Amino acid sequence: MGKSCRILLLALGLFAAACGMAQAESPGSDEVLSRLRSKAATVRSISSNFVQEKHLSVFDDTLISSGRFLYGSPDRLRWEYLAPITDGFVLNGRTGIRWEGATGTRREFLLNSDPVMSIVAAQLLAWAAFDLTKLESEYRIEVACPSPTTLRLTPKSEVTRQVISQLVIEFTLGEDVVRMVELQQEGGDYTRIRFEGTVVNGPLADNLFR
């Protein structure tokens, strides 16, 4: 797997919901999405640690890594792995920096000329800010579970489905932030990311996005 594809798959995640899946047209779906959008509109920043579990059919063991995620409205991101690797990237508007801890290399990028990072950034920003307009343009959205509120997103694009078969997003009980994200791939492989110690609307230093 190429470096760019690996970053895309690492930066997105998923989970298999224990409760039954509701139909997209089920009563209350519009109400749930409207409520989530209203709450997301009040979020100016997010700071969270995460633990990622990668389940691959070619390995018996689960690949576990940890790191932190920062979001500053409207378009600042920091996604970094702290163990066992130290890769990551920051985004500030349309420009960003990627780094590899093993080699110490840092590379600047522009979203306009880096299609993979453009996809990664768009996906992370969309669910961090819960940009429902953006999400609905790219996914069919279903309410998978009413409590905790869980959404199942199926890509509309055939190209996207080659990378992501389904995306599931679980919110905290208060629906303030995302608690768990899971990316499922064709063939049964999946990546699950659990967010911990999340702080909403706390201060974030500017140098964290440089």
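The values are calculated or read from the model by the stated rules, or taken from the named source; none is laboratory data. On a predicted model such as this, the values are computed, not experimentally measured, just so you know. Virtual Cβ from ideal backbone geometry, glycine too; neighbours counted across all protein chains shown. These area figures cover heavy atoms from the full protein model, side chains too; ligands, DNA and RNA do not enter into them. Shrake-Rupley method; radii C 1.70, N 1.55, O 1.52, S 1.80 Å.
Tally time: how many residues in segment 64-85 are crowded, with 18+ Cβ neighbours inside 10 Å and within 17 Å of Pro203 (Cβ to Cβ)?
Qualifying residue count for the region: 8.
Against the condition touching a His at 6+ places or on another chain (Cβ under 9 Å), assigned to a strand (DSSP E or B) and not polar (S, T, N, Q), how does Arg192 come out, does it pass?
Working: touching a His at 6+ places or on another chain (Cβ under 9 Å): yes; assigned to a strand (DSSP E or B): yes; not polar (S, T, N, Q): yes.
The answer is yes for Arg192.
Among the charged types (D, E, K, R) and surrounded by fewer than 18 Cβ atoms within 10 Å (Cβ to Cβ): does that describe Arg152? Spell out how you get there, then give the answer.
Details: among the charged types (D, E, K, R): yes; surrounded by fewer than 18 Cβ atoms within 10 Å (Cβ to Cβ): no.
No, not satisfied.
Can you pull out every residue in segment 164-193 that is over 18 Å from Arg140 (Cβ atoms), modelled with pLDDT under 85 and surrounded by 19 or more Cβ atoms within 10 Å (Cβ to Cβ)?
Val177, the sole residue that qualifies.
Considering only segment 201-210, state which residues are surrounded by fewer than 17 Cβ atoms within 10 Å (Cβ to Cβ) and either within 15 Å of Leu167 (Cα to Cα) or in contact with a strand residue (DSSP E or B) (Cβ under 7 Å, 6 or more places away or on another chain) (or both).
Once the filter is applied, which keeps residues that are surrounded by fewer than 17 Cβ atoms within 10 Å (Cβ to Cβ) and either within 15 Å of Leu167 (Cα to Cα) or in contact with a strand residue (DSSP E or B) (Cβ under 7 Å, 6 or more places away or on another chain) (or both), segment 201-210 yields Asn201, Gly202, Leu208, Arg210.
Just checking, how many residues over segment 86-127 are touching a residue at least 40 places away in the same chain (Cβ under 8 Å), open to solvent by 10 Å² or more (accessible area, probe 1.4 Å) and in a strand (DSSP E or B)?
Total meeting the criteria: 3.
Within segment 103-137, track down each residue that is among the aromatic types (Phe, Trp, Tyr) and modelled with pLDDT under 85.
Across segment 103-137, the qualifying residues are Trp127, Phe130.
I'd like to verify a number: residues in segment 150-172 that are without any contact (Cβ under 8 Å) to a residue 60 or more places away in the chain, among the charged types (D, E, K, R) and either under 21 Å from Ala129 (Cβ atoms) or part of a strand (DSSP E or B) (or both), how many?
Count: 1.
Taking Arg140 as the residue in question, decide whether it is surrounded by fewer than 16 Cβ atoms within 10 Å (Cβ to Cβ), at pLDDT below 90 and touching a strand residue (DSSP E or B) at 6+ places or on another chain (Cβ under 9 Å).
no
Looking for something polar (S, T, N, Q) and in contact (Cβ under 8 Å) with a residue 60 or more places away in the chain - is there at least one such residue anywhere in segment 58-65?
Within segment 58-65, none of the residues are polar (S, T, N, Q) and in contact (Cβ under 8 Å) with a residue 60 or more places away in the chain.
Matching residues to (1) modelled with pLDDT of 90 or more; (2) under 24 Å from Gly93 (Cα atoms); (3) within 15 Å of the chain's Cα centre (by Cα):
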site: Lys3; (1), (2), (3): no, yes, no
site: Leu14; (1), (2), (3): no, no, yes
site: Gly28; (1), (2), (3): no, no, no
site: Gln52; (1), (2), (3): yes, no, yes
site: Thr62; (1), (2), (3): yes, no, no
site: Gly67; (1), (2), (3): yes, yes, yes
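Is there any pair linking a residue in segment 137-149 that is without any contact (Cβ under 8 Å) to a residue 40 or more places away in the chain and closer than 17 Å to Ala40 by Cα to one that is of a type in the set (Gly, Ala, Ser) and not in a helix (DSSP H, G or I), with Cβ under 9 Å and at least six apart or on different chains, and which?
That search, which allows pairs on different chains as well, returns nothing.
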